[in-house]
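Beneath this line is the structure, given in C-alpha cells, with notes to follow.
The values are calculated or read from the model by the stated rules, or taken from the named source; none is laboratory data. The model shown is predicted, which means the values in this text are computed figures rather than measured ones. We place every Cβ from the backbone using ideal geometry, glycine too, and count neighbours over all the protein chains shown. Quick note on the areas: whole protein, heavy atoms, side chains included, nothing else; ligands and nucleic acids left out. Shrake-Rupley method; radii C 1.70, N 1.55, O 1.52, S 1.80 Å.
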Amino acid sequence: MRKNRGFINFLFRISGILAALLFTALVLVIAKANPWEAFGNILMGAVSTPIKIADSFVAWVPLILATCGLVITFTTGLWNIGIEGQISLGAIMTTWALRLLQDSGLPPVVIILAGILAGMAGGIIWALLAGVLKFYGGVSEIFAGLGLNFIATALTLWLIFGPWKRAGVASMSGTEPFDMSIWLPTIPGYRLSVWSLALAVASVLIVYFLLQHTVIGLRLKAVGKNYKAAIQMGISPSKYMLLAFVLCGLFAGLTGAVQVLGVYHRLIPSISSGYGFLGLLVAMLVDYQIVWAVPVALLFAALNIGGIQLPIMMKIDSTLSGVMQSALVLFFMLMDGVRKKMLKKEEDLSDE
Amino acid sequence: MHIQLKNIHKYFGSVHANNDVSLTIEPGQILGLLGENGAGKSTLMKILSGLICKDNGEILINGEEQNLNSPADALRLGIGMLHQDPHDFPSMTIREDLQIWNQRSDRTRTDATDWQALMNIQEDLGFNLDLDGSVGDLTVGERQQLELARLLWLGVELLILDEPTTGISALQQEVLFSALKKLAGQGKTIIFVSHKLEEVKELCSRAVVLRKGCLIGEREAPFDENDLVKLMFGRQITRTRTAHARTRDVCMSVQNLNIEDFRIAIENVNFDLYAGEVIGLAGMEGSGQRQFLQALAGMKQPSSGHIRFGDEDLFGRNCYEYQKRGIFYVPTARMEEGLVPGMTLEEHYILSDCEKKIFIDSRKSHKTTEERIQRFNIKGRSATYSEELSGGNQQRLLLSLLQDPAQLLLLENPTRGLDIESTNWIWSILRERCQAATSIIFSSADLDELTFYADRILVFFSGRISEPLDSAGLDEERLGRMIGGKDWPK
C-alpha cells in the first residue's frame, strides 16, 4: 500500500512535468515553430559539450545561492521579493571594494575576500532596510522589497553612467572590467570557477544544517508558522524575522559578489540577471526544502543556458526557457494540489 | 423540522468517531447532546450541518432523505450550526460579514438586505452589536452572539449549538436560554451540545448521551444528574477540594495600575498576590480579564502604575523580561496563540526548552518528549503534529510546555471547552505547582470552577475590578450579581 502510494506520487510529479512540456509545445506551435526542434536545441544547448555543461553550472551558482537565502525567509513566513535588489547591492558593494583596492598593491586573495565580504554587507544592508521598513514603518516586506528593487536598479544605472563610467564614453556594457588578477580563478578553458562552485555547495550545506539541526532554525520555523505562539515560547518574532532578512541578504549579497568576481568582472546594468525572481520559483517548486532545490536549480540553470541557442538556431526568443520554467512551477503545483485532494479522498474511502 | 438520523458512521483514520448513531428529533424540541470530550458530539453535529460527510447512514429531513455535502446545502435546508470557533470574517465590519452570508444563502429575499429584521432579532435576544464595528474587535462571546443572530436572520429552522455557553456571562446565558425556549416555542428545533449537566437540566426536554462514538442512552426531563454523569463517564465523578498551599510571602504587588485599551479602561488596580496562591478572575467575557492578564505578563503595556516583583518594578518591561523571571501567560486560543500548527510535539518541547543551545540534541529532546507525554497523559506521539491533537490534549500540551518551576502562571480560561475529567486533571497538575510556591491567576466563565479552585476572586465588570474576595464561604449568588454589575460599592 505504502509502496503503491510512493509510485502514485511519482506519477503525479512526472505528469506535472509532462503537462508543462505539453503547454510549452502548444506555445511553440502557436508561434509557428517545431516543438521537437526547440526542445532538442535547448537540450543540446545545455549538455552537448563540456563547456555547455560547465556553463549550466555557472548559472546554477547564483541561482542556488539566491534560493538558499529565500528558503530561510520563506521558512520564517516572509516574502522577500526584494532579493533582486539585494543581489544588485551585493554586486555594487563588491565593485566598490574592488575599485578601491585594485591599485592598493594588496595580494589579490585579500582583495577578492574583501570584495566578497563587501558584497555580503551590501546584501545585508538592503535586506535590513526591507526588514526595518516592515517592523518600524509597518510596510509589508513585499512592497518594501519591490520599491527597494527599483532603487537598486536606478542606483546601478547611475553608477555605471555617472561616477563609475568607463573612460571615454559610458555604455550599457557596464563599468571598466577589472584586471584578470582579481577575478575568481576559473578552470582553464571554461567560464566555471571551482571557488564559486564551492561557495554554493557550502551555502547549501550551511542552510540545510541551520534549518534541520539548530535551535535557531527551529525558532525561525516557529515564527513562520505561528508568531503569536512563538511569543509565548519566549521567541521574539521581530528579532528572528530581522535575522532571516540578514541571512537572506547575506546569501543575496554573495550572489552579487560571485557574479562580479567570477562571471562579469565588472558591474553591468542587469547584474542580478533575474536569478532572484527565478530563485523564488525554485523555492516554491521545492516547497522550501533546500535539498531538493539543488537538482531543480540545476535544471532551471540548464534551461537558461539551453535557451541561449534558440535565437541563433530557430529565431525564437530565448525567453522560451522562462515560459518553460514558469509552466513547470504552475503545473507542478497544480498536480500537487490534485494529488493531495485525491489522497484525501482515498484515505476517506480506505477508512471505511 | 423533523430530523431523523439512521445508522450514522464516521471514521477519522483508525478512530471510529460515530458508531451506528440513530436519533430522531421532533420539531419544537430542545435536545441536549451530552458526552465527554472526544465522545463524538461535535462530529455528529458537523455531519448534520454539512461540514463533514458521513461515511455511512442516512439523514432524513421532514421524512425525505437528504445529502448534505456542504454547510451551504444544510443552510438551504434550514440547518444552521453555531460552532465553538466562530465562522466569520475578522477583517470585515459586522455589516459586511452579514452581507457576505446573506449573498451566500439561497433563502434570502431578492430585495435589499433586511437590516430591520436583524435588529429585531438582536433586540429579541438582548444582544447589542454595533453593525459598523469590526468583527475582529469582538470578544469570543460577542462573535458567538453575531453567529447566532446571523443564523436566525438567515431563517434557520434547526439550530445546532456547540457548547454555546463557554465564554459568555451568567447574565448572557440567561438571556440566551430564554431566547432558545422562545424559539422552541415557535416550533424551531434546537440541538444543544454540552457537557454541563446543569445547563442541560435547565434547558432541555430530552437528552441523549454519546460515549466513545456510540449513542448509549437517552433520558426525558426531569433528569437525574448522577444518572447522566454515570452515562457520560461510565462512573460517578465528584470534585474534591484539596488543601491550599498559600503562604504570606508576596509574589507580586500591583499598585495603582491603569490599563487602557481602545475598548476598555481598567483603573487603579491594587492587590498583593501571595506565593502559591490561586486568584480567579470572574466576570462577563470581555470585561477586561484578558487585558489584565496580558498586562501582568508584559504582553500589553499598562498606561501607568507599578508591578512590583521581588525587588524590581516590572512596569514598562516587555514580555520576554517577564518570562525570564518565570512569569508566563497561557492564552485561551490554543491553536491560534499558544501552539504552532505544522510542528510536532517534540519540536514544541525543543522550542520551550529554556536551556540556551545552538544545536538540537535529538536524543535528549526525544527523552524529554516521551517523559512529558507520559506525565501529562497526552494522547499523541512525539512525531504527532499539534493540530492533530484534540482540544483537551492541546491544553495538556500547552501546560506541559510551561517552564518548571515558574513564579506566576497567568491562565486565560484554562479549562474552556474541556470536560469535567480533563478539568480535574489539569487542576491537579496546577495544584502541584502551587505546592511548589507557584502563584496562579486564571480567568473562567464557570462559577463553580472559580469558587472551587481559587483562594481569592477578583470580579470584573466593564473594566472595574473588585477587592479580592475570599472564595471560602463566598456566596455564589452574590458573585453572580456582581458579575452582572450589581452589589458594587458606590
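Measuring nothing but alpha carbons in chain B and taking Rh as the Kirkwood radius, the Rg to Rh ratio lands at 0.97. Among the chymotrypsin sites (Phe, Trp or Tyr not before Pro) in the range A:188-268, those located in a DSSP loop and surrounded by at most 15 other Cβ atoms within 10 Å of their own Cβ are A:TYR190.
In Å², and per residue, what accessible area does the protein assembly as shown have when probed at 1.4 Å with the other protein chains present?
44
For the range B:3-233, DSSP calls about 55 percent of its internal beta bridges antiparallel.
Of B:LYS10/B:LYS201; B:LYS188/B:LYS230; A:LYS239/B:LYS357; B:LYS181/B:LYS201; B:LYS6/B:LYS41, which ones are farther than 24 Å apart at the Cα? In this structure, B:LYS10/B:LYS201; B:LYS188/B:LYS230 exceed 24 Å between Cα atoms. So if we plug the beta-carbon distance of A:SER140 and B:ALA221 into 1/(1 + (r/R0)^6) with R0 = 60 Å, what FRET efficiency do we get, rounded to 0.05? Calculated transfer efficiency: 0.60. Translational diffusion of the range B:3-233, estimated by Stokes-Einstein from the Kirkwood radius over alpha carbon pairs at 4 °C in a medium of 1.567 mPa s, is 72 µm² per second. In straight-distance terms, cross-link reach from B:LYS300 covers every one of the lysines whose alpha-carbon lies under 16 Å from its own, apart from those fewer than eight places away in the same chain; here that gives A:LYS228. Going by the alpha-carbon gyration tensor, a ≥ b ≥ c the square roots of its eigenvalues, is the protein assembly as shown rounded (a/c under 1.5) or, if a/c is not under 1.5, prolate (a/b greater than b/c) versus oblate? It is prolate, given that a/c is not under 1.5 and a/b is the larger ratio. Distance from the C-alpha centroid of the range B:9-75 to that of the range A:272-310: 49 Å, rounded to the whole angstrom. Please compute, over every Cα-Cα pair in the range A:217-352, the percentage with a separation greater than 17 angstrom. The answer is 73 percent, as a whole percent. With both bridge residues required to lie in chain B, what share of the DSSP beta bridges run antiparallel, to the nearest 5%? Approximately 55 percent, going by the DSSP bridge assignments.
The mean sequence separation of alpha-carbon pairs under 8 Å and at least six residues apart, normalised by the residue count of chain A, gives a relative contact order of 34 percent.
What separates the Cα centres of the range B:116-133 and the range A:21-51 is a distance of 65 Å. Label positions at A:MET172 and A:LYS344, each projected 7 Å from the Cα along the C-beta direction, are separated by 4.9 nm. Taking label positions 7 Å along the Cα-Cβ direction at both B:ARG76 and B:TRP488, the computed distance is 5.0 nm, reported to one decimal. Computed from backbone phi with θ = phi - 60° and the Karplus coefficients 6.51, -1.76 and 1.60, the 3J(HN,Hα) list for the range B:362-373 is 5, 5, 5, 5, 4, 5, 4, 4, 4, 4, 5, 4 Hz; x is used for glycine and proline.
Could you work out how much longer the chain between B:ASN120 and B:THR24 gets when fully extended? Use 0.36 nm per residue separation minus the Cα distance between them, nm to one decimal.
Working it through step by step, the gained length comes to 31.4 nm.
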